[in-house]
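Report on the following structure.
The values are calculated or read from the model by the stated rules, or taken from the named source; none is laboratory data. In this text the structure is predicted, and so the values were computed from the model without any measurement. Don't worry about glycine lacking a Cβ; one is built from the backbone with ideal geometry, like all the others, and counts go over all protein chains shown.
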Amino acid sequence: MSPRPSRASGRARRGAAAPHTLRVTGGARRGLTLEGPADDRIRPTADRTRQAVFNLLAHRGDDGDAVRDAIVLDAFAGTGALAIEALSRGAASATLMDRDTAAAALVRRNLARAGLGDRARLVPADATRPPAPAGAGADLVFLDPPYGQGLVAPALSALDRAGWIGPAARVVVETDRADPVPRPDGWQVAADRRYGRARIQLWWRG
(Lines give C-alpha, C1' and ligand atoms only; values in the text may rest on other atoms or scores of the structure.)
Protein backbone atom coordinates (compact mmCIF):
# COMPACT_ATOMS: atom_id res chain seq x y z
CA MET A 1 0.00 0.00 0.00
CA SER A 2 1.32 3.39 -0.99
CA PRO A 3 2.66 5.68 1.77
CA ARG A 4 0.30 8.33 0.42
CA PRO A 5 -3.13 6.91 1.17
CA SER A 6 -6.36 7.60 -0.66
CA ARG A 7 -9.42 8.75 1.23
CA ALA A 8 -10.16 5.09 1.91
CA SER A 9 -6.73 3.94 2.97
CA GLY A 10 -5.67 7.10 4.78
CA ARG A 11 -8.40 7.22 7.39
CA ALA A 12 -7.74 4.03 9.24
CA ARG A 13 -8.36 4.25 12.94
CA ARG A 14 -8.52 1.68 15.69
CA GLY A 15 -11.82 -0.13 15.92
CA ALA A 16 -14.54 -0.44 13.31
CA ALA A 17 -17.64 1.59 12.69
CA ALA A 18 -21.01 0.01 12.03
CA PRO A 19 -22.02 0.07 8.36
CA HIS A 20 -24.15 3.05 7.51
CA THR A 21 -25.87 4.59 4.51
CA LEU A 22 -25.83 7.96 2.81
CA ARG A 23 -28.57 9.83 1.00
CA VAL A 24 -28.53 12.07 -2.03
CA THR A 25 -29.83 15.43 -0.81
CA GLY A 26 -31.01 17.12 -4.00
CA GLY A 27 -31.77 16.88 -7.69
CA ALA A 28 -33.10 14.02 -9.78
CA ARG A 29 -31.86 11.33 -7.35
CA ARG A 30 -32.90 13.15 -4.18
CA GLY A 31 -33.59 10.70 -1.35
CA LEU A 32 -31.70 7.84 -3.02
CA THR A 33 -29.87 5.71 -0.47
CA LEU A 34 -26.21 5.07 -1.22
CA GLU A 35 -24.04 2.40 0.29
CA GLY A 36 -21.78 3.78 3.00
CA PRO A 37 -18.46 2.38 4.17
CA ALA A 38 -18.42 -0.85 6.17
CA ASP A 39 -15.79 0.52 8.54
CA ASP A 40 -14.12 3.81 9.38
CA ARG A 41 -11.29 3.54 6.85
CA ILE A 42 -13.46 5.68 4.55
CA ARG A 43 -14.82 8.97 5.94
CA PRO A 44 -17.60 10.22 3.69
CA THR A 45 -18.78 13.80 3.84
CA ALA A 46 -21.85 13.89 6.08
CA ASP A 47 -25.21 14.34 4.34
CA ARG A 48 -25.89 17.71 6.00
CA THR A 49 -22.43 19.01 5.15
CA ARG A 50 -22.78 17.82 1.56
CA GLN A 51 -26.14 19.57 1.28
CA ALA A 52 -24.61 22.79 2.65
CA VAL A 53 -21.77 22.57 0.11
CA PHE A 54 -24.18 22.27 -2.79
CA ASN A 55 -26.29 25.12 -1.45
CA LEU A 56 -23.16 27.27 -1.61
CA LEU A 57 -22.35 26.11 -5.14
CA ALA A 58 -25.87 26.92 -6.32
CA HIS A 59 -24.95 30.63 -6.15
CA ARG A 60 -21.30 30.49 -7.22
CA GLY A 61 -21.34 29.84 -10.95
CA ASP A 62 -21.04 32.29 -13.82
CA ASP A 63 -24.79 31.99 -14.35
CA GLY A 64 -25.59 31.41 -10.67
CA ASP A 65 -25.20 27.62 -10.45
CA ALA A 66 -21.68 26.12 -10.43
CA VAL A 67 -23.01 22.55 -10.70
CA ARG A 68 -25.45 22.46 -13.62
CA ASP A 69 -23.76 21.28 -16.85
CA ALA A 70 -20.36 21.16 -15.11
CA ILE A 71 -17.59 18.69 -15.84
CA VAL A 72 -16.80 17.33 -12.36
CA LEU A 73 -13.70 15.76 -10.84
CA ASP A 74 -13.93 14.05 -7.44
CA ALA A 75 -10.25 13.45 -6.77
CA PHE A 76 -10.53 11.41 -3.55
CA ALA A 77 -13.81 9.73 -4.37
CA GLY A 78 -14.30 7.40 -1.38
CA THR A 79 -18.00 6.43 -1.61
CA GLY A 80 -18.62 8.52 -4.71
CA ALA A 81 -21.32 10.52 -2.92
CA LEU A 82 -20.01 13.98 -3.87
CA ALA A 83 -19.85 13.20 -7.58
CA ILE A 84 -23.19 11.40 -7.51
CA GLU A 85 -24.76 14.40 -5.76
CA ALA A 86 -23.34 16.67 -8.47
CA LEU A 87 -24.71 14.45 -11.25
CA SER A 88 -28.10 14.32 -9.51
CA ARG A 89 -28.12 18.12 -9.48
CA GLY A 90 -27.41 18.47 -13.19
CA ALA A 91 -23.66 18.13 -13.75
CA ALA A 92 -22.87 16.96 -17.28
CA SER A 93 -20.31 14.31 -16.34
CA ALA A 94 -18.02 13.24 -13.52
CA THR A 95 -14.67 11.54 -13.10
CA LEU A 96 -14.17 9.78 -9.78
CA MET A 97 -10.56 9.16 -8.80
CA ASP A 98 -9.34 6.92 -5.99
CA ARG A 99 -6.39 4.58 -5.82
CA ASP A 100 -7.86 2.31 -3.12
CA THR A 101 -9.43 -0.88 -4.50
CA ALA A 102 -12.13 -1.07 -1.80
CA ALA A 103 -13.16 2.52 -2.46
CA ALA A 104 -13.24 1.88 -6.22
CA ALA A 105 -15.55 -1.10 -5.71
CA LEU A 106 -17.83 0.98 -3.49
CA VAL A 107 -17.94 3.76 -6.11
CA ARG A 108 -18.93 1.26 -8.81
CA ARG A 109 -21.75 -0.10 -6.69
CA ASN A 110 -23.08 3.36 -5.85
CA LEU A 111 -22.94 4.52 -9.47
CA ALA A 112 -24.87 1.40 -10.48
CA ARG A 113 -27.40 2.00 -7.70
CA ALA A 114 -27.89 5.58 -8.88
CA GLY A 115 -28.09 4.58 -12.55
CA LEU A 116 -25.44 7.16 -13.45
CA GLY A 117 -22.73 4.99 -14.96
CA ASP A 118 -23.24 6.50 -18.42
CA ARG A 119 -22.22 9.96 -17.16
CA ALA A 120 -19.39 8.89 -14.84
CA ARG A 121 -15.93 7.41 -15.18
CA LEU A 122 -13.83 5.79 -12.46
CA VAL A 123 -10.07 6.35 -12.61
CA PRO A 124 -8.08 4.15 -10.19
CA ALA A 125 -5.25 6.59 -9.53
CA ASP A 126 -3.49 8.63 -6.85
CA ALA A 127 -4.55 12.28 -7.10
CA THR A 128 -1.03 13.41 -6.19
CA ARG A 129 0.35 11.43 -9.16
CA PRO A 130 -2.49 11.54 -11.68
CA PRO A 131 -2.40 10.20 -15.23
CA ALA A 132 -3.18 12.50 -18.14
CA PRO A 133 -6.91 13.18 -18.50
CA ALA A 134 -8.86 11.78 -21.41
CA GLY A 135 -10.81 14.99 -22.03
CA ALA A 136 -11.25 18.61 -21.06
CA GLY A 137 -10.34 19.93 -17.62
CA ALA A 138 -12.99 19.97 -14.91
CA ASP A 139 -15.19 22.96 -14.13
CA LEU A 140 -15.88 21.74 -10.58
CA VAL A 141 -13.34 19.87 -8.45
CA PHE A 142 -13.86 18.17 -5.10
CA LEU A 143 -10.76 17.69 -2.93
CA ASP A 144 -11.60 15.76 0.24
CA PRO A 145 -8.40 13.89 1.08
CA PRO A 146 -7.59 12.09 4.34
CA TYR A 147 -7.53 14.50 7.23
CA GLY A 148 -4.15 15.45 8.62
CA GLN A 149 -2.09 14.27 5.64
CA GLY A 150 -1.39 17.65 4.00
CA LEU A 151 -2.54 16.40 0.58
CA VAL A 152 -4.69 19.29 -0.62
CA ALA A 153 -1.94 21.50 -2.06
CA PRO A 154 0.12 18.69 -3.67
CA ALA A 155 -2.97 17.08 -5.16
CA LEU A 156 -4.30 20.37 -6.55
CA SER A 157 -0.92 21.26 -8.05
CA ALA A 158 -0.43 17.81 -9.57
CA LEU A 159 -3.93 17.70 -11.03
CA ASP A 160 -3.55 21.20 -12.45
CA ARG A 161 -0.19 20.40 -14.06
CA ALA A 162 -1.61 17.23 -15.60
CA GLY A 163 -4.54 19.10 -17.17
CA TRP A 164 -7.39 17.84 -14.98
CA ILE A 165 -8.49 21.32 -13.86
CA GLY A 166 -10.05 23.80 -16.26
CA PRO A 167 -9.05 27.48 -16.41
CA ALA A 168 -12.23 28.71 -14.68
CA ALA A 169 -12.65 25.80 -12.27
CA ARG A 170 -14.27 26.01 -8.86
CA VAL A 171 -12.57 23.84 -6.23
CA VAL A 172 -14.28 22.56 -3.08
CA VAL A 173 -11.77 21.69 -0.36
CA GLU A 174 -12.71 19.73 2.77
CA THR A 175 -10.28 19.40 5.66
CA ASP A 176 -10.34 18.94 9.39
CA ARG A 177 -11.10 22.34 10.89
CA ALA A 178 -7.84 22.16 12.86
CA ASP A 179 -5.62 21.41 9.84
CA PRO A 180 -3.55 24.14 8.19
CA VAL A 181 -4.49 24.45 4.53
CA PRO A 182 -1.67 25.94 2.42
CA ARG A 183 -3.05 27.31 -0.84
CA PRO A 184 -1.05 27.06 -4.08
CA ASP A 185 -0.25 30.29 -5.89
CA GLY A 186 -2.97 31.51 -8.19
CA TRP A 187 -5.96 30.47 -6.04
CA GLN A 188 -8.13 32.59 -3.76
CA VAL A 189 -10.74 31.72 -1.15
CA ALA A 190 -14.31 32.55 -2.19
CA ALA A 191 -15.97 31.01 0.89
CA ASP A 192 -14.86 29.44 4.16
CA ARG A 193 -17.32 27.52 6.34
CA ARG A 194 -17.17 25.11 9.28
CA TYR A 195 -19.64 22.28 9.83
CA GLY A 196 -18.79 20.37 12.98
CA ARG A 197 -15.30 18.95 12.52
CA ALA A 198 -15.23 19.71 8.80
CA ARG A 199 -13.92 22.91 7.25
CA ILE A 200 -15.17 23.62 3.73
CA GLN A 201 -13.48 26.16 1.49
CA LEU A 202 -14.37 27.20 -2.06
CA TRP A 203 -11.36 28.22 -4.14
CA TRP A 204 -11.40 30.15 -7.40
CA ARG A 205 -8.48 31.13 -9.59
CA GLY A 206 -7.45 34.69 -8.97
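Just one of (1) touching a strand residue (DSSP E or B) at 6+ places or on another chain (Cβ under 9 Å); (2) among the small types (G, A, S); (3) at pLDDT below 95 fails for G10. It is (1). Failed condition for H59, given (1) over 22 Å from Q201 (Cβ atoms); (2) part of a loop (DSSP other than H, G, I, E, B), with all others met? Unmet for H59, out of (1) over 22 Å from Q201 (Cβ atoms); (2) part of a loop (DSSP other than H, G, I, E, B): (1). Scan segment 18-60 for residues that are closer than 26 Å to I71 by Cβ, basic (K, R) and touching a helix residue (DSSP H, G or I) at 6+ places or on another chain (Cβ under 8 Å) and the total you get is 5.
The rows are residues; the columns are (1) closer than 22 Å to A58 by Cα; (2) out of contact with any strand residue (DSSP E or B) (no Cβ under 6 Å at 6 or more places or on another chain).
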{"residue": "A103", "(1), (2)": "no, yes"}
{"residue": "R121", "(1), (2)": "no, no"}
{"residue": "A125", "(1), (2)": "no, no"}
{"residue": "A169", "(1), (2)": "yes, no"}
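Within segment 96-110, one or more residues are within 15 Å of the chain's Cα centre (by Cα), modelled with pLDDT under 95, surrounded by fewer than 23 Cβ atoms within 10 Å (Cβ to Cβ) and more than 12 Å from A162 (Cβ to Cβ). Inside segment 95-149, residues that are of a type in the set (G, A, S), out of contact with any Pro (no Cβ under 8 Å at 6 or more places or on another chain) and closer than 30 Å to A178 by Cβ make up a count of 4.
Quick check on segment 97-113. Is at least one of its residues under 25 Å from R205 (Cα atoms) and in contact (Cβ under 8 Å) with a residue 40 or more places away in the chain? Yes, some residue in segment 97-113 is under 25 Å from R205 (Cα atoms) and in contact (Cβ under 8 Å) with a residue 40 or more places away in the chain. Screening the candidates D126, D144, D160, D179 for the property of being surrounded by 23 or more Cβ atoms within 10 Å (Cβ to Cβ), at negative phi and acidic (D, E) yields one hit, D144. Just one of the listed residues (D192, D185) is loosely packed, with under 15 Cβ neighbours inside 10 Å, within 18 Å of H59 (Cα to Cα) and not aliphatic (A, V, I, L, M), namely D192.
In the set V189, V141, V181, V123, only one residue is without any contact (Cβ under 8 Å) to a residue 40 or more places away in the chain, under 17 Å from the mean Cα position of the chain (by Cα) and within 25 Å of R68 (Cα to Cα); that residue is V123.
Checking D139, D126, D179, D160 one by one, the residue that is assigned to a helix (DSSP H, G or I) and of a type in the set (D, E, K, R) is D160 and no other.
Considering segment 71-91, the residues that are part of a loop (DSSP other than H, G, I, E, B) and small (G, A, S) include one that is modelled with the lowest pLDDT, namely G78.
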